[in-house]
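Structure first, commentary second.
The values are calculated or read from the model by the stated rules, or taken from the named source; none is laboratory data. Everything quoted here is computed from the prediction, not taken from an experiment. Here Cβ is always computed from backbone atoms with ideal geometry, including for glycine, and neighbour counts include all displayed protein chains. Please note that ligands, DNA and RNA were not included when accessible areas were found on the heavy atoms of the full protein model with its side chains. Shrake-Rupley method; radii C 1.70, N 1.55, O 1.52, S 1.80 Å.
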Amino acid sequence: MMKNCPALEYKPKEIEAFDFRLAMEEASRCLLCEDAPCSKGCPSGTDPAKFIRSIRFNNINGAAETIRENNILGAVCALVCPTERLCQQACTRASIDRPIEIAKLQQFAMEHERKANKTYLRKTDTYADKKVACIGAGPASLACAAELAKQGVQVTIYDEHDKPGGALRYLIPPYRLPDEIINHDIYQLKKLGVEFVLNHKVTEEELEELKKEYDHVFVGVGTWEPKTLNIPGSDLEGVIPALEFLKEARTNHEQMNPLGSVIVIGGGDVAMDCAATAKYLGATSVYDVFIESLEEAPAVQKEKDFVFRLGVPMISEFKPVKFVGNGKVERVQFEHMENGSTMELQADTVILAVGQTLCDDAAAWKDDEELFSGGDMTNGGDTVVRAVGEGKEAARKILESFQ
């Protein structure tokens, strides 16, 4: 693409982190519940009750070790996990004043680990004679690989991209998740002996060979096939899928053409990422339009708030009915979901954040009873922390099969 985009300042937003004093103050608010609901509310079993207790008693190494043992993506999840609707929502303290800032305490402990260059994970040789292949280097595969490698299993992860991380690396914008954080978590896997075969897309024929070569195969390839809208003009130039836009912005933003006036269609977290990214990349205007009410839009509140602060107008309860243009999109026509009123907005770029699905090969693999699977390919596209939990569960079943 042409090098004529005027600004393209794709800088990470300042990630507010606790220093030692703030972390101790926040941890001291914890009620030290005997049957901690926050730990029950974590899909990956990170056990916030235990690591918060460690921080409270000035055992930062112990806190980091607890997180890392339970969640190989502990640093990543501290930044992208929707804690406000999981562990923090379950926090007993929420009924008194406000929940404990669990994500920030987790970030504090993980930053301690990273800056001290510590490695807490240890491996045994229990299943050193076993081999497992993981297809896809996203959260589910990484979590599965970590649990297996800790028990001595020889794990190889195959991925079609040039770096591991899947959606973490290529879709979540760097202002939310910097590369250095992803690299830190991946480093922990490499220390366990997990091997990566990158720039390698596993075909249907190769999968059959992997089944013979390895004791088991885990598939966690994610949902990389974008959904579209079956309305007039959807094939116009400038109407692009959200995943294509986010990947291009993350890997090649310095080469992108100017976006001009941008309309993002969708009300989920991906739509919020697209809207904020478009602002960072110098769009002249950005609108986010979705069919739900503002309250019902599925994006987490903190991401909605962030987009609001960037000055992106959100227009709720309107659906697109036609993209208008002569070869390239120029306008979008909308209709209200209830009263039928219409609206038209100018657009040089339209980003469709209306969901994604599995590619054809992965869809076929989903029903293969010889394979283990987890992450977006089984849950349809959920949180990183849920993918971690599913990867861990698959690893548990694989280990049970070795006994």
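Only one of GLU292, GLU303, GLU317, GLU330 is at pLDDT below 95 and either touching a strand residue (DSSP E or B) at 6+ places or on another chain (Cβ under 7 Å) or open to solvent by less than 50 Å² (accessible area, probe 1.4 Å) (or both); which?
Details: GLU292 fails: at pLDDT below 95; GLU317 fails: at pLDDT below 95; GLU330 fails: at pLDDT below 95.
The match here is GLU303.
Quickly run through region 273-289 and pick out the residues that are in a loop (DSSP other than H, G, I, E, B) and either in contact with an Asp or Glu (Cβ under 6 Å, 6 or more places away or on another chain) or open to solvent by less than 30 Å² (accessible area, probe 1.4 Å) (or both).
Result: LEU281, ALA283.
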Inset, instruction - Could you list all residues from region 72-87 that are of a type in the set (A, V, I, L, M, F, W, C) and free of Cβ contacts under 8 Å to residues at least 60 places away in the same chain? - result: ALA78, CYS87
Legend entry - In region 387-403, residue modelled with the lowest pLDDT [restricted to those that are out of contact with any helix residue (DSSP H, G or I) (no Cβ under 6 Å at 6 or more places or on another chain) and open to solvent by 20 Å² or more (accessible area, probe 1.4 Å)]: GLN403
Legend entry - Checking GLY222 against (1) surrounded by 14 or more Cβ atoms within 10 Å (Cβ to Cβ); (2) assigned to a helix (DSSP H, G or I), the condition it does not meet: (2)
Inset, instruction - Kindly indicate whether any position in region 297-315 is within 26 Å of GLU237 (Cβ to Cβ) and in contact with a Ser or Thr (Cβ under 6 Å, 6 or more places away or on another chain). - result: no
Inset, instruction - Looking at (1) modelled with pLDDT of 95 or more; (2) open to solvent by less than 20 Å² (accessible area, probe 1.4 Å), find the lone condition where TYR175 falls short. - result: (1)
Inset, instruction - Test ASN326 against the criterion of being without any contact (Cβ under 8 Å) to a residue 12 or more places away in the chain and within 24 Å of the chain's Cα centre (by Cα), and give yes or no. - result: no
Inset, instruction - Scan region 131-151 for residues that are open to solvent by 10 Å² or more (accessible area, probe 1.4 Å) and over 18 Å from the mean Cα position of the chain (by Cα) and jot them down. - result: LYS131, GLU147, LYS150, GLN151
Legend entry - Candidates ALA64, ALA49, ALA75, ALA27 - the one that is among the aliphatic types (A, V, I, L, M), modelled with pLDDT of 95 or more, over 22 Å from the mean Cα position of the chain (by Cα) and open to solvent by less than 20 Å² (accessible area, probe 1.4 Å): ALA27
Legend entry - Verdict on VAL270 being part of a strand (DSSP E or B), β-branched (Val, Ile, Thr) and crowded, with 19+ Cβ neighbours inside 10 Å: no
Legend entry - Residue check, SER39 more than 25 Å from GLU180 (Cα to Cα) and modelled with pLDDT of 95 or more: yes
Legend entry - Unique match (being over 19 Å from ASN252 (Cα atoms) and aliphatic (A, V, I, L, M)) among ALA167, ALA146: ALA146
Inset, instruction - Could you please find all residues in region 107-130 being surrounded by 12 or more Cβ atoms within 10 Å (Cβ to Cβ) and either under 22 Å from ARG176 (Cα atoms) or touching an Asp or Glu at 6+ places or on another chain (Cβ under 6 Å) (or both)? - result: GLN107, PHE108, ALA109, MET110, GLU111, HIS112, GLU113, ARG114, TYR120, LYS130
Inset, instruction - Collect the residues in region 361-386 that are open to solvent by 20 Å² or more (accessible area, probe 1.4 Å) and at positive phi, keeping them in residue-number order. - result: GLY380, GLY381
